[in-house]
Amino acid sequence: MLLRFTVENFMSFKERVELSLIPSKVRRHPRHVIKAETPKGISALKAAVIYGANASGKSNLIKAMSHVQQMINEGSRSGRKIAFYPYKLSEECLTTPSRFEFELKLGEHQYAYGFSSDSNEIKEEWLYRMDKVKDELIFKRTAGQYDEFEFGKLPFDNKEDELFLDFTAKGTPDNRLFLNECKERNINKTLSYLTDIVDVSHWFEHSLTIIFPDSKYTGLEMEMQNNHKSNETFSRLLNSFDTGISDLRLQEVDFNSELVGIPADVKQKISEELEENTNLLLAVPRSIRYQFCKEATGEIKAYKLMTAHINAVGKETLFELNQESDGTQRLLDIAPGLLEIFAQDRTYIIDEIDRSLHPDITTSIFKAFLNNTNPIKSQLIVTTHETNLLNQDLVRKDELWFVQKNSQGESSLYSLEEYQTRFDKDIRRGYLAGRFGGIPLLTEFDNLSWLNTNG
């Protein structure tokens with residue numbers, strides 16, 4: 001679970017800002033709090049809703065989280081520059097490293113992992129185990145002529161394992177995170193008993209899911225093929241949102257004659273490089289998605305994802321995905337993750353959750369998630385313009401956040417908890433009136449006479 005995220009000198013965030021999911025003293029909605037299991041443990045909130053005007057920096061906050069995840073999971077190629085997005089409206093920031101830190105709760109332990117970097121090298125990287133009393137070092141890395149690594153008291157089984165980790169540290173390139181190097185060298189498997197490093201790396205790879213407005217969920221076809229029950233659940237969820245979809249289908253099409261939008265050279269490459277008994281997913285323009293499978297005989301089977309509707313006489317009719325509304329296509333991309341957070345411990349982040357969705361659907365998603373009584377330690381974090389969520393009967397004050405950009409193009413982040421607002425106050429009306437910031441200032445839009453000027 002996510003406890004805190006801080007970022008500094010990244011895109012529109014010049015100064016350090018903090019998104020916290022540690023609950024305040026708010027007493028309303030106690031079910032929204034995932035309680036600590038031990039006296040030294042830290043509780044966490046189930047949700048965060050982030051508001052702000054267009055171009056205020058909401059998406060930049062999510063991009064910062066995604067940047068860290070990509071650096072850990074994918075890394076930087078040897079000799080390549082590190083992706084570096086400093087605050088550009090300050091010359092000083094152009095030569096100052098960006099800084100990121102995640103505070104996580106994994107099992108019974110809490111961790112602080114972070115790093116700072118510019119386009120050339122990782123300046124610092126650290127991992128601490130922490131509780132309410134003290135922080136315990138796991139590792140710390142400092143850049144220099146040769147990177148210096150300091151390790152805490154790790155429970156090595158033998159001297160060889162200790163030397164292996166030390167060798168991995170010394171072999172980590174300047175432009176690559178140590179966590180990524182551990183993954184590349186199979187430290188996470190070979191020294192799996194070093195649970196602090198393994199668990200943190202695993203969270204970024206398997207428990208954190210980030211969905212942007214243009215993200216496409218590409219695992220649905222695989223799930224449909226391998227798990228019929230999962231397909232039934234997903235179809236039922238889509239139907240509950242009044243999409244009219246009764247089911248999803250993988251319709252077989254002829255690889256040689258029925259593929260739309262795939263050039264001949266791409267088909268040739270698929271034929272040559274697809275290995276036997278493996279699958280390949282491919283999205284093409286017009287929202288068409290194909291799955292390819294090469295059988296042991298060498299024949300390639302092609303399938304196209306379709307939606308099923310029931311017509312007036314009770315007969316099933318198949319539709320192309322691009323024949324569905326934008327809202328239904330958006331649900332196809334976010335719904336699989338929504339099912340996951342009801343069944344597994346996940347942190348699910350959606351940028352612009354309300355894009356193409358009816359307000360009632362967005363509200364229903366939150367009601368269902370926040371009122372869920374299953375002992376699942378999942379979190380839902382979203383950015384949105386949907387003001388129906390600004391309701392203290394639905395969410396807590398400490399779950400509501402605002403992003404505001406000043407005249408210098410610098411974004412700030414703050415919680416509704418910073419305002420003295422009674423629980424019975426209409427915060428939606430206050431937000432629209434500009435009391436909490438995070439709304440556009442349309443100073444010249446009130447009077448458009450300037451559009452009629454010549455020259």
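The table below lists the values:
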read-out: Residue match in region 256-263 (condition: under 30 Å from the mean Cα position of the chain (by Cα), surrounded by 10 or more Cβ atoms within 10 Å (Cβ to Cβ), assigned to a loop (DSSP other than H, G, I, E, B) and at positive phi); value: yes
read-out: Count of residues meeting criterion [among the aliphatic types (A, V, I, L, M) and open to solvent by 60 Å² or more (accessible area, probe 1.4 Å)] in region 386-400; value: 0
read-out: Filtered residue count, region 189-219, keeping only those that are touching a helix residue (DSSP H, G or I) at 6+ places or on another chain (Cβ under 7 Å), without any contact (Cβ under 8 Å) to a residue 24 or more places away in the chain and assigned to a helix (DSSP H, G or I); value: 1
read-out: Residue check, LYS134 at pLDDT 95 or above, open to solvent by 50 Å² or more (accessible area, probe 1.4 Å) and either touching a helix residue (DSSP H, G or I) at 6+ places or on another chain (Cβ under 6 Å) or of a type in the set (Lys, Arg) (or both); value: no
read-out: Hey, GLN110 more than 20 Å from TRP401 (Cβ to Cβ), assigned to a helix (DSSP H, G or I), out of contact with any helix residue (DSSP H, G or I) (no Cβ under 6 Å at 6 or more places or on another chain) and not basic (Lys, Arg) or not; value: no
read-out: Total residues in region 358-382, condition within 19 Å of the chain's Cα centre (by Cα) and either within 15 Å of PHE241 (Cα to Cα) or in a helix (DSSP H, G or I) (or both); value: 5
read-out: Subset of region 194-231 [modelled with pLDDT under 95 and aromatic (Phe, Trp, Tyr)]; value: PHE212, TYR217
read-out: Test: residue in region 81-96 that is closer than 28 Å to ASN391 by Cα, under 23 Å from the mean Cα position of the chain (by Cα) and of a type in the set (A, V, I, L, M, F, W, C); value: no
read-out: Residue tally, condition basic (Lys, Arg) and either within 20 Å of SER20 (Cα to Cα) or touching a helix residue (DSSP H, G or I) at 6+ places or on another chain (Cβ under 6 Å) (or both), over region 75-107; value: 2
read-out: Set THR6, THR38: member being open to solvent by less than 40 Å² (accessible area, probe 1.4 Å) and in contact (Cβ under 8 Å) with a residue 40 or more places away in the chain; value: THR6
read-out: Contacts under 7 angstrom Cβ, first residue in region 148-172 being in contact (Cβ under 8 Å) with a residue 60 or more places away in the chain, partner basic (Lys, Arg) and open to solvent by 50 Å² or more (accessible area, probe 1.4 Å), 6 or more apart; value: none
read-out: LEU163 vs. criteria over 30 Å from GLY57 (Cβ atoms), part of a strand (DSSP E or B) and either at pLDDT below 95 or not hydroxyl-bearing (Ser, Thr, Tyr) (or both); value: no
read-out: Single residue of LYS140, LYS132, LYS123, LYS105 found to be part of a loop (DSSP other than H, G, I, E, B) and among the basic types (Lys, Arg); value: LYS132
read-out: Criterion violated by ILE361 - all others in (1) touching a residue at least 24 places away in the same chain (Cβ under 8 Å); (2) out of contact with any Gly (no Cβ under 9 Å at 6 or more places or on another chain); (3) open to solvent by 10 Å² or more (accessible area, probe 1.4 Å) satisfied; value: (2)
read-out: Close pairs from region 11-31: first without any contact (Cβ under 8 Å) to a residue 60 or more places away in the chain, partner open to solvent by less than 80 Å² (accessible area, probe 1.4 Å), Cβ under 8 Å, at least 6 apart; value: ILE22/LEU3; ILE22/ARG4; ILE22/ILE42; ILE22/SER43; ILE22/ALA44; ILE22/LEU45
read-out: Residue identified as among the hydroxyl-bearing types (Ser, Thr, Tyr), at pLDDT 90 or above and surrounded by fewer than 18 Cβ atoms within 10 Å (Cβ to Cβ) among THR373, THR317, THR347, THR383; value: THR317
read-out: Total residues in region 397-455, condition at pLDDT 60 or above, in a loop (DSSP other than H, G, I, E, B) and among the charged types (D, E, K, R); value: 4
read-out: Every residue from region 233-250 that is open to solvent by 70 Å² or more (accessible area, probe 1.4 Å) and either over 28 Å from the mean Cα position of the chain (by Cα) or in contact (Cβ under 8 Å) with a residue 60 or more places away in the chain (or both); value: ARG249
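The values are calculated or read from the model by the stated rules, or taken from the named source; none is laboratory data. Quantities reported herein were computed from a predicted structural model and do not represent experimental measurements. Heads up, the Cβs are rebuilt from the backbone with ideal geometry, glycines too, and the neighbour counts pull from every protein chain shown. Areas reflect the complete protein model, heavy atoms only, side chains present, ligands, DNA and RNA absent. Shrake-Rupley method; radii C 1.70, N 1.55, O 1.52, S 1.80 Å.
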